[in-house]
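Below is one structure; the comments refer to it alone.
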Amino acid sequence: MNEIRPLRLLLAGGGTAGHIEPALALADAVLRRRADTVVAALGTSAGLETTLVPARGFELHLIPKVTMPRSEPRRWASIPGAVWSAVRAASAVIKEQRPDVVVGFGGYVSLPAYLAARRAGVPFVVHEANARPGVANRIGARFTSYVAVSVPSTVNALPHARLVGIPLRRGITTLDRAAQRPSARRAFGLEADRPTVLVFGGSQGARTINAAMQGAARRLLAAGVQVLHAVGPRNEAVVIDRRATDPPYVVVPYVDRMDLAYAAADLVVGRSGAMTCAEVAAVGLPAVFVPYPHSNGEQALNAGPLVEAGAAVVIPDEQFTASVVEGLVCDLALDTERLSAMSAAAGHLGAGDADERLADMVLEAADRA
């Protein structure tokens with residue numbers, strides 16, 4: 001690496017916030033080390049990176065989206081045109097940007113980035129957030145010595161893997177929920193002293209969760225439980241008719257200040273993506289997880305450590321109904337003693353230095369280029 005010019009970092013992780021936010025947290029950590037670092041990112045036109053990356057002041061380069069068959073990696077051989085079109089686009093960005101290191105976080109963008117970096121002789125780092133690695137990272141890990149994983153069970157699943165954790169924003173890892181709770185609840189139009197449930201299904205929402213929560217809304221309100229419900233930008237939720245004296249049921253399409261949402265909440269209901277599991281552990285929030293059913297099963301595995309510690313409960317997607325919300329979720333939201341115990345258990349699992357540990361690996365790869 002040429003020490004005279006600034007470090008150049010190219011991030012590859014798009015689609016959902018679960019791929020993008022760890023990349024941005026890493027960028028922040030590297031910039032704290034080397035303020036002159038030039039950060040750019042690869043993405044597709046279909047992902048949240050088109051909003052999140054420019055909002056952080058980083059340049060975004062778009063490449064074609066290639067859907068990866070998670071359970072059948074051999075099918076890549078049947079779609080070489082699409083794959084290599086994306087690789088050529090990524091190669092053009094690498095030629096233009098001249099990065100010292102490429103860092104991929106899985107998803108649509110990462111495999112073309114790995115292959116393009118390998119062709120160009122640029123070192124690359126693979127970060128796997130989930131307990132079960134995806135196709136892109138399983139392939140990419142074969143061609144680099146720099147592989148970071150987030151949970152101990154994944155260390156043996158990928159070659160050269162080192163346990164790092166999931167990079168989180170400092171606004172999450174340093175959050176004082178108790179101190180921020182009054183202002184956070186005011187910010188969302190919630191009452192100061194009501195039991196509060198935060199509901200979200202990932203960055204795109206979750207229809208099963210939305211339907212069950214809306215079906216149970218009147219029971220929750222009657223019990224005195226208020227709700228902050230992020231339904232997802234593509235989903236619609238029925239707005240509940242309620243008297244002015246009822247607790248608030250606040251419906252929003254998306255929450256861009258998750259730190260405030262976590263501070264406002266006593267309990268989380270949502271999917272168990274790797275990012276969500278890491279964040280609720282970091283802030284010490286009890287959770288009811290409803291793993292996404294249409295995948296390779298990694299969300300159920302992600303939730304495992306929190307469930308085993310007593311910090312979370314898992315309900316399968318097909319079983320998460322309004323009656324479950326009216327019973328389990330409502331009862332749990334009102335059980336302050338159990339919530340306190342779950343919160344303590346979650347806090348013991350939180351790791352706040354993954355961004356720095358991954359930055360160490362990234363700088364190591366760049367220094368050896």
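The values are calculated or read from the model by the stated rules, or taken from the named source; none is laboratory data. Remember, predicted model here, so these are calculated numbers, not experimental data. Please note: Cβ atoms are built from the backbone with ideal geometry, for glycine as well, and neighbour counts cover all protein chains shown. These area figures cover heavy atoms from the full protein model, side chains too; ligands, DNA and RNA do not enter into them. Shrake-Rupley method; radii C 1.70, N 1.55, O 1.52, S 1.80 Å.
The rows are residues; the columns are (1) among the basic types (Lys, Arg); (2) in a loop (DSSP other than H, G, I, E, B); (3) at pLDDT 95 or above; (4) closer than 18 Å to HIS19 by Cβ.
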residue: ARG32; (1), (2), (3), (4): yes, no, yes, no
residue: ALA41; (1), (2), (3), (4): no, no, yes, yes
residue: SER45; (1), (2), (3), (4): no, yes, no, yes
residue: LYS65; (1), (2), (3), (4): yes, yes, no, yes
residue: ALA77; (1), (2), (3), (4): no, no, no, no
residue: ILE94; (1), (2), (3), (4): no, no, yes, no
residue: TYR114; (1), (2), (3), (4): no, no, yes, yes
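Which of (1) out of contact with any Ser or Thr (no Cβ under 8 Å at 6 or more places or on another chain); (2) surrounded by fewer than 16 Cβ atoms within 10 Å (Cβ to Cβ); (3) within 15 Å of GLY18 (Cβ to Cβ) does ASN296 not meet, given it meets every other one?
(1)
Counting only residues that are farther than 19 Å from SER340 by Cα and assigned to a loop (DSSP other than H, G, I, E, B), how many does the stretch 177-223 have?
The number of residues fulfilling the criteria is 12.
Here are ALA300, ALA261, ALA278, ALA282: which of them is without any contact (Cβ under 8 Å) to a residue 60 or more places away in the chain and in a helix (DSSP H, G or I)?
On the way: ALA261 fails: without any contact (Cβ under 8 Å) to a residue 60 or more places away in the chain; ALA278 fails: without any contact (Cβ under 8 Å) to a residue 60 or more places away in the chain; ALA282 fails: without any contact (Cβ under 8 Å) to a residue 60 or more places away in the chain.
Exactly one of ALA300, ALA261, ALA278, ALA282 is without any contact (Cβ under 8 Å) to a residue 60 or more places away in the chain and in a helix (DSSP H, G or I), namely ALA300.
Against the conditions (1) β-branched (Val, Ile, Thr); (2) modelled with pLDDT under 95; (3) outside any loop (DSSP other than H, G, I, E, B), where does VAL269 fall short? Just the number, please.
Of everything listed in (1) β-branched (Val, Ile, Thr); (2) modelled with pLDDT under 95; (3) outside any loop (DSSP other than H, G, I, E, B), VAL269 misses just condition (2).
Restricting attention to the stretch 39-48, which residues are under 22 Å from VAL362 (Cβ atoms) and without any contact (Cβ under 8 Å) to a residue 40 or more places away in the chain?
VAL39, ALA41, listed by residue number.
Okay, residues lined up against (1) open to solvent by less than 30 Å² (accessible area, probe 1.4 Å); (2) over 21 Å from ILE172 (Cα atoms); (3) in contact with a Gly (Cβ under 9 Å, 6 or more places away or on another chain):
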position	(1), (2), (3)
ARG257	no, no, yes
ASP266	no, no, no
GLY304	yes, yes, no
THR336	no, yes, no
GLU364	no, yes, no
